[in-house]
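Notes for the one structure printed next.
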Amino acid sequence: MQADADTTAYETSVPECVPSICDAVTRTLDGVDLRRLAEQVPTPFYAYSVQAIRTRIASLQNAFRGLDVRICYAVKANSNLAILQLIAQHGVGADIVSHGEMQRSLKAGIPAERIVFSGVGKTADEIDTALVAGVWRFNVESADELHLLQRVAQSRGVCARAAVRINPDVDARTHAKISTGKAENKFGVSIDEARRWFAESASLDHVQLDGLHAHIGSQILDLEPFRTALQRVEAFRRELVEAGHPVASVDIGGGLGVVYRRGIDTPVDIADYASLVRETFAGFKGTLAVEPGRWLVAEAGVLVTRAIRVKQGADRHFLVVDAAMNDLLRPSLYEAWHEIVPLHGRDEANVAYDVVGPVCETGDTFAQRRVMPRCEAGDVLMIEGAGAYGASMGSTYNSRPLPPEVLLDDGRYAIIRRRQTLAEMMAGEQFPQAWHDT
Ligand SMILES: *Cc1c(COP(=O)(O)O)cnc(C)c1O
């Protein structure tokens with residue numbers, strides 16, 4: 001093979017031996033034929049397997065059996081009400097980062113006492129409504145927020161439960177944009193600062209500061225960063241206890257990685273992860289919390305799209321599909337890999353395609369020089385690994401309405417979000433009715 005840049009730039013096709021979430025022969029996901037579904041639901045749309053999500057929840061619950069652990073699903077991964085309801089039905093709580101996520105979680109039936117509130121930018125109003133709702137605890141990320149929590153709780157005459165989010169300064173060895181546990185990231189505070197908070201905690205009479213929290217990043221495929229971070233958290237917890245500050249809860253965050261690239265990504269074994277947690281916190285008698293988002297839902301979802309046309313470029317074939325970066329931002333934002341599988345079922349020769357959407361951005365590219373069976377206009381394809389940070393990151397950029405979302409369960413489907421209408425997309429906008437002086 002010639003070693004020219006073009007050849008080496010080709011993305012290899014998926015190894016045949018590695019199974020897809022979708023049955024290769026029947027093209028079904030959770031018993032639903034995706035091509036037939038695409039005749040009933042207009043593409044592009046998201047489809048999520050109930051079975052796949054249930055399986056993940058059960059394996060996590062099994063792995064932690066016997067430990068006092070609360071699973072708090074990171075709502076931002078996929079915040080559709082029906083997904084949250086499914087989560088709630090299995091006794092899983094929520095990790096929220098905004099008032100909107102709290103409202104969704106409560107509406108879907110997640111009790112407030114199973115909700116933890118994270119995020120660097122909580123406002124006084126958000127803290128107030130969360131206090132009134134009775135969330136389990138606040139994961140506090142700055143001294144300013146800690147004092148705001150004290151003031152808001154005082155004005156309500158209540159005591160807020162709080163955990164300090166530790167930034168353990170660990171390199172999670174993931175994409176820079178989803179790394180959160182290094183000293184230069186905006187998240188959490190150093191152990192030195194946290195130590196001062198506990199020393200002065202008696203002066204905050206409306207805050208019960210008795211929890212620790214750490215979340216070092218996302219799509220982590222290696223146990224070592226977790227080990228280092230958790231050991232730092234546990235060492236600090238022991239130090240606090242010796243200094244007379246009892247710690248009631250330790251929240252170890254989320255971040256478990258999933259398979260995006262079949263045959264290449266090797267996620268952490270969930271049993272190994274649970275063993276690490278058991279060993280590290282063997283001396284801890286309180287409540288643990290874990291906040292997985294991606295791991296619970298990413299591989300359960302696909303984005304189903306249809307080829308609009310094949311365009312012959314100067315040196316490459318463009319496969320133009322009807323999904324775009326506004327529907328699934330990850331490839332543009334993180335250069336993320338998603339498997340793309342044509343569902344036409346024909347026996348075709350392989351072609352290297354740049355799979356692109358219709359949005360007027362060069363970044364609107366799902367894959368470059370991806371080798372897959374030849375496609376033509378009208379063919380249905382699925383983009384895998386789209387259950388997390390897919391629909392929830394969607395926008396209407398280029399005035400493209402938000403896509404439908406469909407739940408699949410044992411051969412049947414239910415629409416859990418219908419396509420946004422153009423009227424809904426423009427609702428709230430208006431021509432200037434009146435001009436006001438400030
Ligand atoms: C985003 C986030 C999570 C979930 O991360 P995943 O990688 O999806 O598991 C958990 N905790 C916090 C604080 C987060 O910001």
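Every read-out reported here was derived from the displayed coordinates using simple, explicitly stated rules and does not represent laboratory data. Only a predicted model underlies this, so the values are computations on that prediction, with no experimental measurement involved. Note that each Cβ is placed from the backbone with ideal geometry, even for glycine, and that neighbours are counted across all protein chains shown.
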Relative pair counts by distance (%), Cα atoms of the chain, 10 Å bins: 4, 20, 28, 23, 15, 7, 2, 0
Placing unit charges on C-beta atoms (Lys and Arg positive, Asp and Glu negative, everything else neutral), compute the dipole magnitude of the chain about its Cα centre in debye, rounded to 20. 740
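Over the Cα atoms of region 45-120, compute the convex hull volume and normalise it per residue, giving Å³.
Numbers: hull volume 7.5 nm³, N = 76.
Looking at region 45-120, the number lands at 98 Å³ per residue.
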Placing +1 on the Cβ of each Lys and Arg and -1 on the Cβ of each Asp and Glu in region 50-295, which of Gln51, Pro225, Ile71 has its Cα farthest towards the positive end of the resulting dipole? Gln51
Any chance you could tell me what percent of the C-alpha pair distances in region 239-363 go past 22 Å? 56
Computed over the Cα atoms, what is the radius of gyration of region 76-190 divided by 2.2 N^0.38 Å, N being its residue count? 1.11
So which of Lys182/Lys285; Lys76/Lys186; Lys122/Lys177 end up more than 23 Å apart, counting from Cα to Cα? Lys182/Lys285
Counting pairs of alpha carbon atoms under 8 Å apart in space and at least six apart in sequence, what relative contact order in percent does region 50-295 give? 20
For the chain, set up a GNM with springs between Cα atoms under 10 Å and report which of Asp33, Asp68, Asp354 has the largest fluctuation. Asp68
Selection from Ser392, Tyr413, His436, by position along the positive dipole direction of region 362-438 (Cβ): Tyr413
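To two decimal places, what compactness ratio does region 50-295 give when its Cα radius of gyration is scaled by 2.2 N^0.38 Å? Mind dumping the intermediate values first?
On the way: Rg = 17.1 Å, N = 246, 2.2 N^0.38 = 17.8 Å.
Computed over Cα atoms of region 50-295, the ratio equals 0.96.
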Quick one: Arg238, Arg330, fewest Cβ neighbours within 10 Å first, how do they rank? Arg238, Arg330
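Take every Cα pair under 8 Å in region 68-152 that's 6+ residues apart, average their separations, divide by the length, and report that relative contact order as a whole percent.
Relative contact order comes out at 26 percent.
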Can you list residues from other chains, or at least 5 along the same chain, whose modelled amide H is less than 5 Å from the amide H of Ala160? Val207, Gln208
Taking the dipole of the chain about the Cα centre (Lys, Arg +1; Asp, Glu -1; charges at Cβ), the one of Val92, Trp197, Val164 that reaches farthest to the positive side is Val92
Rounded to whole Å, give me the distance from the Cα center of region 39-99 to that of region 172-216. 26
Amide H proximity to Glu339 below 5 Å, modelled H, separation 5+ or other chain, gives Glu384
Let me see the pair-distance distribution of region 329-438: every alpha carbon pair, 10 Å bin width, integer percents in order. 11, 33, 33, 15, 6, 3, 0
Once each part is reduced to its C-alpha centroid, what is the distance from region 351-428 to region 298-327 in angstrom? 8
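Relative contact order for the chain using alpha-carbon pairs under 8 Å, separation at least 6, rounded to a whole percent?
Numbers: 931 pairs, mean separation 86.4, N = 438.
Relative contact order comes out at 20 percent.
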Output ³J(HN,Hα) for region 259-271: one whole-Hz value per residue in order, computed from phi by the Karplus curve 6.51 cos²θ - 1.76 cosθ + 1.60 with θ = phi - 60°, and x for Gly and Pro. 8, 9, 10, 5, x, 10, 6, 10, x, 5, 6, 5, 5
Spelling out what I want: for every residue of region 428-434, take phi, set θ = phi - 60°, compute 6.51 cos²θ - 1.76 cosθ + 1.60 (Karplus), and round to whole Hz; glycine and proline get x. x, 7, 8, 6, x, 8, 7
Each residue of region 395-403 in turn: what ³J(HN,Hα) in whole Hz from Karplus with 6.51, -1.76, 1.60 and θ = phi - 60°, glycine and Pro shown as x? 9, 9, 3, 6, 6, 9, x, 4, x
